[in-house]
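Q: Mind having a look at this structure? Questions to follow.
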Amino acid sequence: MTAAGVILGYVAVLLADIRHFYTDDTESQYAPMWVMIGRALRDGRFPVLAPEQWMSGNYTMEEAGLFNPPQLLIDLIAPSVPNLALYATLVKLLFSILAGLGVYRVCLAYGARPEWSAVAGVAFPFSGFFLFFDTASWMTALTGTAYMLHAWASSVRYVRGRGGPIPVFVFLYLAISVQYIFPAVESVLMLAAVAVGELVLRKDNWKAVLRLAVAAGCAGLAGLLTFLPSMLSAKVTWRGTAQINNDQFLTVPWSESLNASLPSTLPAFNSWWGYVQPLPMTYIAWFLIPALAFVDWRRAREQWKEFISIALFAIMALMWTAGPGTIGPLRWPARVLPMLAIGLLVLVCVLLGRFGTVREWRHRGIAAGVLILVLWVRTFSADPHDVIKHVIAALVVGALVAGVVWLARHRGGAAAALLTMAAIFPIAWYQVHSIQPNLMQWHLPADRQEAMAAFPDFQGTTLQLGDRGLLGPNDNSLDRAYGSLVFGNYAKDLELNYVQGYTPNGHFYFGEMLCMRWDGSTCPDAYRRLFAPDPATGRQLVDLMLLDRIVLQRAMFPDARNQPAPDGWHWADYPGHEQWISVLERDSGLITTVNGRVADAQGVTATSLGETPTSSTVRVTSENGGRVVFARLGWPGYRATLNGKHVDIDTVSKVFVAVNIPAGTKDAELELTWRPPGWKVGIATGVAGLAGIAVLQWLYIRSRRQDDDENGAEPTASEPALAESHS
């Protein structure tokens, strides 16, 4: 039922916006990266580094999920699917079903009835922030949350003796290895909540909680390699090292949670769109708040200990959503709103499944009406301009509550749950339809074959100078700007090598050098900087970067072709694209095929012997000593040997990798290699994590066999006594 409900919800959303699940970061960051990584894997390469892509070429720093097996499978398939919007939608549907089933399992673990567990499982993927950001745009938030939910259910089962440690390990590892920090931190909070709740439930349960902590620690050790490169490279990135700020951007006041059940809610806090939001970010589910009136609180209070874990998780999420705005790599607290939705949905649906009642339905109906009035007042306070819409929404919620209560009284709880679930679909359609045109769409072409046919066949390495902000509202189509210009990771859709790409973790000094931003946009002065001599080498940046081509956005450089081309370059003609771009190409052809990635050699004769994405092998001779500069971005992790002996690495202008060659060197072999920082430690901890979970599994199997022997081959589950009272 849960899977079917999520599918129906997706159908409703797609009827409102066919590209809803191919939006913003999905179209500009994730889907193109799937294509690029998938092509590399098919060619037998593991793409930890793509030096020619410069801005986004260090994929141990990006949200690529390089060590996440399901993500690698997604990457492998991606190049074979021409329509990326269709592919992204199908992938997200699968993960939304997985997330819904995760909520379902968590509810069951805490004793909810299957029908109300299914209601929670279907409601969550269509809660406000998750629907409009995580499933629409931020793919790694969707996948990480889905895995975290199953880790939660598996953790409860493991502590209560109903499951083994391997599911805990696997789902936690998958949540960590999506390469997005939020699911990893949220998993830690979830584990803390489970541990506290289980200890409150049964004080003698500390051994089981300790085993859970060890299993989680093993998963953390196995997943450490995912984040070690980012941690050890942070000092050269935009993000920098640890910091705590409270800038109020995307921090959500706790009072906005009172909007959680009114479909028309438009909460008030600071974001990209100002103070009153155009999206129902804080909406969770229409029934969530009114349902509180139909819980037998006297009976629920008697078993309050069983809800400690759920309530603690929800409270921690609620506190986090209010700030600070930045905690190291964790920014924009609104991103935690889905965790609040999970906690509250699980809590309410467990309460409904175990203590729901329609006795004294008139009094409870009045209480529900008061709660709906509170919802309306808070929503009206945040967005007073849409008062009529909010009144209608409140009336609709009231009518739905009445319908569910009637069904519960006359047809039973299953029918009531079915109506509760069915109402989710038209509300999802309404919410998505009401924000059309989609506020977050880049409108990048979804059909890769059409895009590649329309775009110039730029061979070699290309740098584009332009600004996405200069595109007009009608320019975002293949027959206009997107037939000539790339922003974000769009070049990867086209199977072209561009310097820029989408990156949230850009190299600080490279970004400053070309005033390049996260989406690949640059400032007009970047053109002058490219042809200015580098102070350290005297060479132009275009030569140090070994660029084959420079594409100038006509909107930024309208008169570029009226000026003479720089020495060694010429204006190239690309008929049909002159409206959007002016193109400079080298007179000598592709420079990237001349001498590997050797960009400058002063006092050294340097001849390339071989190149891979992570290594350069060069024959060097230097009578008086000199320096070789490579067209490689100076990420931490490079090392060099000269005839097998270690030599020091340097950087030029804090950007380019350089190696000093000692005097008297003759026909020596210089080997420059890059490995992700901390990779040896990461592999060692990974092996330790696998060994640890193997030991835990062996202990688990042995304890189960002992239980079987003691009980005459009748397996028993060591569940808490309180759990038996509602089984």
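Where a number appears in this text, it was derived from the coordinates with a stated rule and is not lab data. Note that the structure is a prediction, hence the values are computed from the model and not measured. We place every Cβ from the backbone using ideal geometry, glycine too, and count neighbours over all the protein chains shown.
Q: For the pair D650 and D573, how long in nm is the line joining their label points, each one 7 Å along Cα→Cβ?
A: 4.7
Q: Please state the charge dipole magnitude for the chain, taken about the Cα centre, from unit charges on C-beta atoms (+1 on K and R, -1 on D and E), reported in debye and rounded to the nearest 20.
A: So the dipole magnitude of the chain works out to roughly 2240 debye.
Q: Taking neighbour counts of Cβ atoms within 10 Å as a proxy for exposure, in what order, fewest first, do D493, D447 appear?
A: Working: D493 27, D447 16.
With the fewest neighbours first, D493, D447 line up as D447, D493.
Q: In the stretch 255-297, whose amide N lies under 18 Å from the spot 7 Å out along Cα-to-Cβ of L330? List them in ranges.
A: Under 18 Å, as judged by backbone N against the label point of L330, lies no residue of the stretch 255-297.
Q: Normalised by the residues of the stretch 598-676, what does the relative contact order come to in percent, with Cα pairs under 8 Å and at least six apart? Walk me through the numbers before you get to the answer.
A: Values: 195 pairs, mean separation 28.4, N = 79.
This gives 36 percent for the stretch 598-676.
Q: If one takes the longest principal axis of the Cα atoms in the chain, at what angle in degrees, from 0 to 90 and to the nearest 10, does the Cα axis of helix 84-109 lie?
A: 40
Q: The stretch 139-229: which trypsin sites (Lys or Arg not before Pro) are DSSP loop and have at most 15 other beta-carbon atoms within 10 angstrom?
A: On the way: sites: R157, R160, R162, R202, K203, K207, R211; in loops: R160, R162, R202.
Taking the stretch 139-229 and a limit of 15 other Cβ atoms within 10 Å, the loop trypsin sites (Lys or Arg not before Pro) found are R162.
Q: Taking the Cα atoms only, what angle lies between the long axis of helix 2-16 and the longest principal axis of the chain, rounded to 10 degrees?
A: For 2-16 against the chain, the angle is about 60 degrees.
Q: In addition: Grab the other residues whose beta carbon is less than 11 angstrom from that of E450, score K and R as +1, D and E as -1, and report the net.
A: It works out to a net charge of -2.
Q: How large is the convex hull of the Cα atoms of the stretch 662-706 per residue, expressed in Å³ as a whole number? It would help to have the intermediate numbers written out before the result.
A: Details: hull volume 4.0 nm³, N = 45.
In the stretch 662-706, the Cα convex hull volume per residue is 89 Å³.
Q: Would you kindly compute the Cα radius of gyration of the stretch 598-676 and its largest Cα-Cα separation (Dmax), both in Å?
A: 11.2, 34
Q: Can you tell me what percent of all Cα-Cα pairs in the stretch 455-588 are more than 22 Å apart? Each step should come with its number before you reach the end.
A: Working: 2907 of 8911 pairs.
I get 33 percent for the Cα pairs in the stretch 455-588 exceeding 22 Å.
Q: Over the Cα atoms of the stretch 306-456, how large are the radius of gyration and the largest Cα-Cα distance (Dmax), in Å?
A: Spelled out, the Cα radius of gyration and Dmax of the stretch 306-456 are 20.7, 72 Å.
Q: Might you list the cysteines of the chain that have no disulfide-compatible partner by the rule of another cysteine's Cβ under 4.7 Å?
A: C107, C218, C349
Q: Can you give me the orientation-averaged projected area of the convex hull built on the Cα atoms of the stretch 211-263, in nm²? Display every interim value, and only then the final one.
A: Numbers: hull surface 29.6 nm².
Orientation-averaged projected area of the Cα hull: 7.4 nm².
Q: Project the alpha carbons of the stretch 9-83 onto their principal axes and report the range along each, largest first, in whole Å.
A: Principal-axis extents of the stretch 9-83 (Cα, largest first): 41, 23, 21 Å.
Q: At each listed q (0.15, 0.19, 0.22 Å⁻¹), what is the log10 of I(q)/I(0) that the Debye formula gives for the stretch 142-236 modelled as equal alpha-carbon point scatterers?
A: Debye output, listed in q order: -0.54, -0.81, -1.02.
Q: Here's another thing I want to ask about it. Here are some pairs, K207/K680; K645/K680; K92/K680; which of them have Cα atoms lying more than 28 Å apart in this structure? Numbers along the way, then the final one.
A: Details: K207/K680 33 Å; K645/K680 20 Å; K92/K680 34 Å.
Over 28 Å Cα-Cα: K207/K680; K92/K680.
Q: In which sequence would E585, E578 go, from the one with the fewest C-beta neighbours within 10 Å to the one with the most? Kindly include the intermediate steps, with their values, before the conclusion.
A: Numbers: E585 22, E578 13.
Going from least to most buried by this count: E578, E585.
Q: Still on this structure: On a C-alpha basis, how far is the centre of the stretch 291-344 from the centre of the stretch 59-90 in Å? Whole number, if you could?
A: Cα centroid to Cα centroid, the span is 32 Å.
Q: I would also like to ask the following. For the chain, what Kirkwood radius comes out of the mean inverse Cα-Cα distance, in Å?
A: Working: mean 1/r = 0.0358 Å⁻¹.
Taking every pair of different Cα atoms in the chain, averaging 1/r and inverting gives 27.9 Å.
Q: Taking DSSP loops as anything outside H, G, I, E and B, show the longest stretch in the chain free of chymotrypsin sites (Phe, Trp or Tyr not before Pro) there with at most 16 other beta carbons within 10 Å.
A: Values: sites that count: W238, W272, W273, F531.
In the chain, the maximal stretch lacking such sites is 274-530.
Q: Per 5 Å bin, what is the whole-percent P(r) computed from every C-alpha pair distance within the stretch 413-466?
A: With 5 Å bins starting at 0, P(r) equals 4, 12, 11, 12, 12, 10, 9, 8, 7, 6, 4, 3, 2.
Q: Run the numbers on the stretch 19-145 and let me know its relative contact order in percent, using alpha-carbon pairs under 8 Å that are six or more apart. Don't skip to the answer; put the middle values down first.
A: On the way: 137 pairs, mean separation 39.5, N = 127.
Once divided by the residue count of the stretch 19-145, the mean separation gives 31 percent.
Q: If I fit a long axis through the Cα atoms of helix 337-355 and take the longest principal axis of the Cα atoms of the chain, what angle between them do I get, 0 to 90°, rounded to 10?
A: Between the helix axis and the principal axis of the chain, the angle is about 20 degrees.
Q: Projecting each Cα onto the charge dipole of the stretch 598-676 (Lys/Arg +1, Asp/Glu -1 at the beta carbon, about the Cα centre), which of T665, G626, Y638 comes out farthest on the positive side?
A: About the Cα centre, the residue reaching furthest to the positive side is Y638.
Q: Taking a cut-off of 13 Å between Cα atoms, list the aspartates and glutamates near K654, but don't count ones fewer than 8 places away on the same chain.
A: Within the straight-line cut-off, K654 pairs with E512, D534.
Q: Still on this structure, I have one more. Return the equivalent ellipsoid semi-axes of the stretch 244-306 as a descending list in whole Å, where each equals the square root of 5 times an eigenvalue of the C-alpha gyration tensor.
A: After scaling each eigenvalue by five and taking roots: 31, 16, 7 Å.
Q: If you average 1/r over all unlike Cα pairs in the stretch 184-277 and invert the result, what Kirkwood radius do you get in angstrom? It would help to have the intermediate numbers written out before the result.
A: Values: mean 1/r = 0.0570 Å⁻¹.
Computed over Cα pairs of the stretch 184-277, the Kirkwood hydrodynamic radius comes out at 17.5 Å.
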